[in-house]
Amino acid sequence: MKYVDEYRSAELARGLAAEIASLVRPRETVRIMEVCGGHTHAIYRHGLEDLLPPEVELVHGPGCPVCVIPMGRVDDAIAVAEQPGVTLATFGDMMRVPGGRGSLLEAKARGADVRMVYSPLDALSLAAKLPDRTVVFFAIGFETTAPATAVTLLRASAAATPNFAVFCNHVTIEPPLRAILETPGLRVDAFIGPGHVSTVIGTDAYGFIPREYGRPVVVSAFEPVDLLQSIAMLLRQRAERRCEVENQYTRVVRREGNAMALAAIAETMELRDDFEWRGLGTIPRSALRIRPAFAAWDAEELYTLPGARIEDPKACRCGEVLTGQIKPWECGVFGTACTPERPLGTCMVSSEGACAAFYAYGRLRRPTEEPVGT
Amino acid sequence: MARRKAVLRDELITLAHGAGGKATRELVEALFLEELGNDALATLGDAAVVEGAGRLALSTDSFVVHPLEFPGGNIGELAVNGTVNDLVMVGARPRWLTAGFVIEEGFPVADLRRLVASLGAAARAVGVAVVAGDTKVVERGKADGLYVTTAGVGTVADGVDLGPHRLQPGDRVLVSGTLADHGMAVMVARGDLQLEALIESDTAPLHELAGALTGLGDALRFMRDPTRGGLATALNEVAETAGLAIVLDERALPVRPAVAAACEILGIDPLYVANEGKLIAIVAAEAADEALALLRQYPVGAEAVVLGEVREEPEGMVLLDTTLGGTRIVDMLVGDPLPRIC
């Protein structure tokens, strides 16, 4: 694979690992949070922690879009899927997330028509193929996936598609980052900024992190060499007493982001007053809903949803995992009552979830037994 | 009085073809017997009586692949190779097959004939006879075209004993060729991913490869064809049963560039994707080179490699030494909602 091989070069990785080792002082601890679940997955898949000196500790952040969806919203999606004549389309990972009434996969086994799609446009094509049914797309994700949903809404509106709707659960990245930064006593020294989200919102959007909270940010791509380079850049900032937003993912990400994508989101969606995040609680102005002009394609307008708030199982500590306060294995049910086959919490469902990634790839060793948080 | 030769004039399968009457007889005689015929099957008795026993290996497998025909193969060929490969993995010589067909009402007879002919050709290529069969027709919408179930019987020579219990630390793990071809070929062929890539299924019988390796005697410990769940799942089962560890070298994993690219785009790990014409062999360290040479003499084994080795610890686990120099766990597949591929 021409396009990724150089970003997986063992030689480049070794060089960067040596540079990283030279930038830390013996026995200090530098805690770096990778915000994005895609980064978490890549770190474990490539065994990246083995290349880092013990002084660098990676802390997994909240950027797994499946992981932050609360159980009540899953139940709402199941309620939509169970409406007569409705076909619910969503991303594969979302189908296994447990709500209060089981998962969408279980609803499918009970007879609901639930289908896996790779993009919202696939869901719109499905609507064209199933004229007798209404296809509802269960939309999730940060600013990364919101533009695709926005474009789909614009197309549905332009074609006046009668049998398509979106159940919008898009969220924005800044509010959970602020929530983490304001967690009392949280010890995260630096951030690896999300890559895909940044292609849309740009690197300027993270300016508040160094400015208001005094932590450096490097926006990073997803291959192992990218991640090592980003870690080296963060440590170099520290060595040179700089604290700013830098961009490692220059091959795709621009300072100002993608104006067309942002315009599509702004045209079709607006901020909700508040939204419940799994593990983080209700955060004001942290999620998007469909604008009234597109109400004809808004599942929340078309169907009566239970809208119940469902408490996470008591034993589940996804909230603390999502905010980097504990590592996956420090949760009492990790690997016992909560496994990828029978997940209790969302972090164990998606391959981008910190618990699932650690369970799948990293159980071999525990880099530190010390709690990361307070 | 000689019975008139049955003729099948219908173009579509109807419920009548499954009703057990005249139409069923026409279908069986004019299609199945014609394509699969042999003395044992031609008696059309309630059961086939065959000669020659001793130690027997038995296996059965159902095939529900969608689409029925895909680049590199089809359900007929797959139904023979799948069951034959299960038999040869335990060191058996495949001898007899049975085939059950669940056909959906409205299925074109021409398509059925093509698939059954392919099944027959695959059986002849391996030297097995389809000695018994069954046909059922179900209402439209109930069977996705065609489902096929095959069962196989093979004979096992005295002294052949393969299994996870024979693994020793230090043994080498070989695979007979590239990974993930079948699963990705079928996923791409379904067309709902909007990917255009020329990826062919690897469906192939492994009787020659397995036969050659059996010649290694005690140095051959274990064989398995990594179908659904892929290499990762197959090796996890072995490691767990044996109570030993298997450590793979990521740099040695053979994956075709187009397959690797499709996997990358879809976020699928080729270690978990099905193969239908590959075998994993675990052999004594000193026999690894000979095993590799034996596999490489056949076209289906030309790309065989040594992938890794058996170690004492960590017990029951499969690990991967990554290209970057790290180590990670290779876990079993967890029920992903992937399409039907076999």
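Non-local amide H neighbours of residue B:330 (under 5 Å, H modeled in plane, Pro and chain starts lacking H): which ones?
Correct list: B:318, B:319, B:320.
With no solvent and one equal point scatterer placed on each C-alpha of the range B:199-255, evaluate the Debye formula and give log10 I(q)/I(0) for q = 0.14, 0.21, 0.30 Å⁻¹, two decimals.
Debye intensities relative to I(0), on a log10 scale: -0.53, -1.13, -1.20.
For a quick check of your reading of the filter: which GluC sites (Glu not before Pro) in the range A:218-268 sit in a DSSP loop and have no more than 12 other Cβ atoms within 10 Å?
Listed in order of number, the matching sites are A:240, A:256.
Compute the projected area of the convex hull of the Cα atoms of the range B:195-342, averaged over all viewing directions, and report it in nm² to one decimal place.
Convex hull of Cα atoms, orientation-averaged projection: 9.4 nm².
Would you give the gap between the C-alpha center of the range A:15-90 and the C-alpha center of the range A:105-131, rounded to a whole Å?
After rounding, the separation between the Cα centres reads 27 Å.
Could you tell me the largest-minus-smallest coordinate of the C-alpha atoms of the protein assembly as shown on each of the three principal axes, in descending order and whole angstroms?
98, 65, 44
To the nearest whole percent, what portion of all C-alpha pairs in the range A:271-347 is separated by more than 18 angstrom?
Counting every Cα pair in the range A:271-347, those more than 18 Å apart make up 55 percent.
Taking 27 Å as the cut-off for C-alpha to C-alpha distance, list the pairs among A:108/A:129; A:129/B:142; A:108/B:142; A:129/B:22; A:108/A:327 that go past it.
A:129/B:22; A:108/A:327
How big is the C-alpha Rg of chain B next to the rule-of-thumb value 2.2 N^0.38 Å, as a ratio?
On the way: Rg = 21.2 Å, N = 342, 2.2 N^0.38 = 20.2 Å.
With N residues counted in chain B, Rg over 2.2 N^0.38 Å equals 1.05.
What number in nm² do you get for the range A:35-96 if you take the convex hull of its Cα atoms and divide its surface by four? List each step's numbers first, then the result.
Working: hull surface 21.1 nm².
For the range A:35-96, the mean projected area of the Cα convex hull comes to 5.3 nm².
If I take all pairs of Cα atoms in the range A:14-143, what percentage of them are more than 25 Å from each other?
The share of Cα pairs beyond 25 Å in the range A:14-143 comes to 45 percent.
For residue B:63, list long-range residues whose amide hydrogen, built 1.01 Å from N in the peptide plane, is under 5 Å from its own amide hydrogen.
B:148, B:149, B:150
Specify the inter-centroid distance of the range B:300-333 and the range B:33-54, based on alpha-carbon positions, in whole Å.
44
Given a Förster distance of 45 Å, report the FRET efficiency between residue A:118 and residue B:55 from their Cβ-Cβ distance, rounded to the nearest 0.05.
Plugging the Cβ-Cβ distance into 1/(1 + (r/R0)^6) gives 0.40.
I need the helices of chain B that pass two filters: whole DSSP H segments spanning 20 Å or more by Cα along the axis, and mean Kyte-Doolittle score no lower than -0.5.
B:75-89, B:109-126
Using DSSP to define loop residues, name the GluC sites (Glu not before Pro) in the range B:241-328 whose beta-carbon has at most 12 other beta-carbon atoms within 10 Å. It would help to have the intermediate numbers written out before the result.
Values: sites: B:250, B:264, B:276, B:286, B:290, B:303, B:309, B:312, B:315; in loops: B:276, B:303, B:312, B:315.
Listed in order of number, the matching sites are B:312, B:315.
Rule-of-thumb check for the range A:177-226: C-alpha Rg over 2.2 N^0.38 Å?
The range A:177-226 yields a ratio of 1.19.
Provide B:207, B:17, A:41 in ascending order of the number of other Cβ atoms located within 10 Å of each residue's Cβ, fewest first.
Fewest-to-most ranking of B:207, B:17, A:41: B:207, A:41, B:17.
Pairs of alpha-carbon atoms within less than 8 angstrom and 6+ residues apart define the contacts here; what relative contact order does chain B have, in percent?
Across chain B, relative contact order equals 22 percent.
Starting from the amide H of residue A:56, placed 1.01 Å from N in the peptide plane, find each other amide H under 5 Å away whose residue is 5 or more places distant or on another chain.
It is A:30, by chain and number.
Averaging over all projection directions, find the projected area of the Cα convex hull of chain A and quote it in nm² with one decimal place. Can you show the working numbers first?
Details: hull surface 73.7 nm².
Its average projected convex-hull area is 18.4 nm².
Taking only C-alpha pairs under 8 Å that are 6+ residues apart, what is the relative contact order of chain A in percent? Please report the intermediate quantities before stating the final value.
Values: 748 pairs, mean separation 84.8, N = 374.
23 percent.
Provide Rg over Rh for the range B:15-156; use the alpha carbon set for both Rg and the Kirkwood Rh (inverse mean inverse pair distance).
Working: Rg = 14.6 Å, Rh = 15.2 Å.
Radius of gyration over Kirkwood radius for the range B:15-156 works out to 0.96.
Quick note: the coordinates plus some simple rules give every number you see, no bench work behind them. Computed from a predicted structure; not experimentally measured. Don't worry about glycine lacking a Cβ; one is built from the backbone with ideal geometry, like all the others, and counts go over all protein chains shown.
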